[in-house]
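Engineer: Following this message is one structure expressed as structure tokens.
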Amino acid sequence: MRVLLVGAGGVGTAVTRIAARRPFLDAMVVADYDLARAEAAVAALGDRGGRFRAERVDAGDESAVTALLERHACDVLLNATDPRFVMPLFRAARAAGATYVDMAMSLSRPHPERPYEECGTKLGDEQFAQAEEWEKAGALAVVGMGVEPGLSDVFARYAADELFDEIEEIGVRDGANLTVDGYDFAPSFSIWTTIEECLNPPVVYEADRGWFTTEPFSEPEVFDFPEGIGPVECVNVEHEEVLLVPRWVGARRVTFKYGLGREFVETLKTLHLLGLDRTEPVTVPGPAGPVAVSPRDVVAACLPDPATLGDRMHGKTCAGTWVKGVKDGAPREVYLYHVVDNQWSMAEYGCQAVVWQTAVNPVVALELLATGAWSGTGVLGPEAFPARPFLDLLTAYGSPWGVREQ
């Protein structure tokens with residue numbers, strides 16, 4: 001397998017460090033708008049970097065990405081950029097005849113009149129609109145293949161296949177007890193993406209109603225996370241699992257709740273109140289004249305790069321899927337989960353826990369595609385593939401998962 005990795009930030013760098021240890025990879029081209037960042041990711045691999053090379057590319061330039069895929073004879077494009085670049089990279093992969101893999105899907109747009117009751121354009125709608133074209137071409141796009149979405153969706157598939165006869169509800173629950181020395185507010189993941197998913201209207205799925213939206217941070221609940229993390233308040237957040245799971249797994253209700261904590265929620269509300277979550281440029285006076293800047297980009301520039309926080313970070317992060325239903329005529333409730341300790345990920349890979357946990361899952365998926373354990377055509381979510389090979393390989397990567405009866 002020859003892979004073009006677009007994006008050499010925290011997650012992209014973690015991808016290279018994980019993939020460098022696996023034999024399935026023939027070559028990986030690490031491309032970023034900032035060539036120095038791509039070169040640094042490759043250089044950090046040391047003796048393991050022989051199959052890797054750095055290139056510069058603008059992720060928004062479809063023709064340039066297509067040309068890069070063709071020049072290096074890459075048969076897979078792995079998208080490790082933020083969701084703004086999903087569609088140009090998705091189209092570039094199709095133009096070059098490459099398999100496409102991403103960790104976040106095309107952006108949503110709220111309903112213009114009833115944003116907190118009805119869906120407008122949903123996450124992934126633009127990609128699924130082209131599913132028939134991909135299928136007719138015999139091409140494959142694996143969408144939402146990070147940790148959440150991604151591993152959480154694999155857990156949903158596993159629960160449906162092996163743990164339940166009927167499923168009442170699937171609820172993805174994400175929580176952590178991470179702290180960062182020296183910072184009162186330092187998100188452990190891209191603040192651009194965090195603002196996008198947390199301040200958009202959350203989506204809920206119910207079988208008799210379909211997809212609908214609610215107010216941001218709705219339906220708070222306290223969820224007890226395993227391995228010492230403990231109880232964390234979780235709230236509804238817009239996320240791809242709610243749009244993916246019902247397409248392949250039968251469940252009467254699907255939700256996603258994020259353990260943000262009250263302080264984080266209040267900070268996000270303040271950013272929204274001040275208009276600092278907006279992506280449309282505003283004009284700002286400058287020494288050389290007026291400059292157009294995106295308020296959200298300014299917020300991101302004022303905060304530390306999450307990839308650089310590992311040495312100051314302490315604690316664990318947990319991604320998981322809570323499932324309630326019936327097995328052999330009796331009610332059953334389980335939580336399938338994956339926990340990463342920041343101390344372990346830093347010592348083993350030099351990557352902080354959240355970006356490492358996100359990055360390991362697309363690499364596992366690439367290996368399954370390379371060996372033929374996963375295959376298909378069209379635009380498919382992680383639920384469309386058998387779960388057991390993925391979970392077995394994840395464990396073989398040295399990062400086991402767990403199941404807790406609730």
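Bear in mind that the values in this text are calculations on the coordinates, not laboratory data. The model shown is predicted, which means the values in this text are computed figures rather than measured ones. Cβ atoms come from the backbone with ideal geometry, glycine included; neighbour counts cover every protein chain shown.
Engineer: Test of understanding: in a Gaussian network model of the chain with alpha carbons linked when under 10 Å, which of Val142, Val237, Val326 would top the mean-square fluctuation ranking?
Structural biologist: So, out of Val142, Val237, Val326, the one fluctuating most is Val326.
Engineer: Could you give P(r) for the chain, binned at 20 Å from zero, as whole percent values over all Cα-Cα pairs?
Structural biologist: Whole-percent P(r) values from 0 Å outward: 28, 62, 11, 0.
Engineer: Of Leu243, Leu271, Leu69, which has the largest mean-square fluctuation in a 10 Å C-alpha GNM of the chain?
Structural biologist: Looking only at Leu243, Leu271, Leu69, the biggest GNM fluctuation is shown by Leu271.
Engineer: Here's another thing I want to ask about it. Within 10 Å of each candidate Cβ there may be at most 11 other Cβ atoms; applying that plus a DSSP loop requirement, which trypsin sites (Lys or Arg not before Pro) in segment 134-219 survive?
Structural biologist: Of the trypsin sites (Lys or Arg not before Pro), the ones in loops of segment 134-219 whose Cβ has at most 11 other Cβ atoms within 10 Å are Arg209.
Engineer: Viscosity 0.692 mPa s, temperature 37 °C: give me the Stokes-Einstein translational D for segment 259-406 in µm²/s, with Rh taken as the Kirkwood radius over C-alpha pairs.
Structural biologist: After rounding, the answer is 170 µm²/s.
Engineer: So which chymotrypsin sites (Phe, Trp or Tyr not before Pro) in segment 98-183 end up in coil per DSSP with only 16 or fewer other C-beta atoms within 10 Å?
Structural biologist: Working: sites: Tyr100, Tyr116, Phe128, Trp134, Phe155, Tyr158, Phe164, Tyr183; in loops: Tyr116, Phe164, Tyr183.
Answer in residue order: Tyr116, Tyr183.
Engineer: Then there is this: When ranked by the protection proxy of mean other Cβ atoms within 10 Å per residue, highest first, what sequence do the peptides 104-115, 252-263, 355-366, 395-406 form?
Structural biologist: Peptide ranking by packing, descending: 355-366, 252-263, 104-115, 395-406.
Engineer: Hey, another quick one. Count the lysine pairs in the chain whose Cα atoms sit under 27 Å apart, keeping only pairs 8 or more residues apart in sequence or on different chains.
Structural biologist: Counting lysine pairs in the chain gives 10.
Engineer: A further question on this structure: Give the span of segment 230-275's Cα atoms along each principal axis, as three whole-Å numbers ordered largest to smallest.
Structural biologist: 39, 31, 12
Engineer: For segment 311-377 and segment 71-114, write down the distance between their C-alpha centroids in whole Å.
Structural biologist: Between the Cα centre of segment 311-377 and that of segment 71-114, the gap is 22 Å.
Engineer: For n ≥ 4 DSSP H runs only, could you compute -39500 (n - 2.57) per run for the chain, divide by its residues and tell me the 222 nm figure to the nearest 500?
Structural biologist: Mean residue ellipticity, 222 nm, calculated: -9500 deg cm²/dmol.
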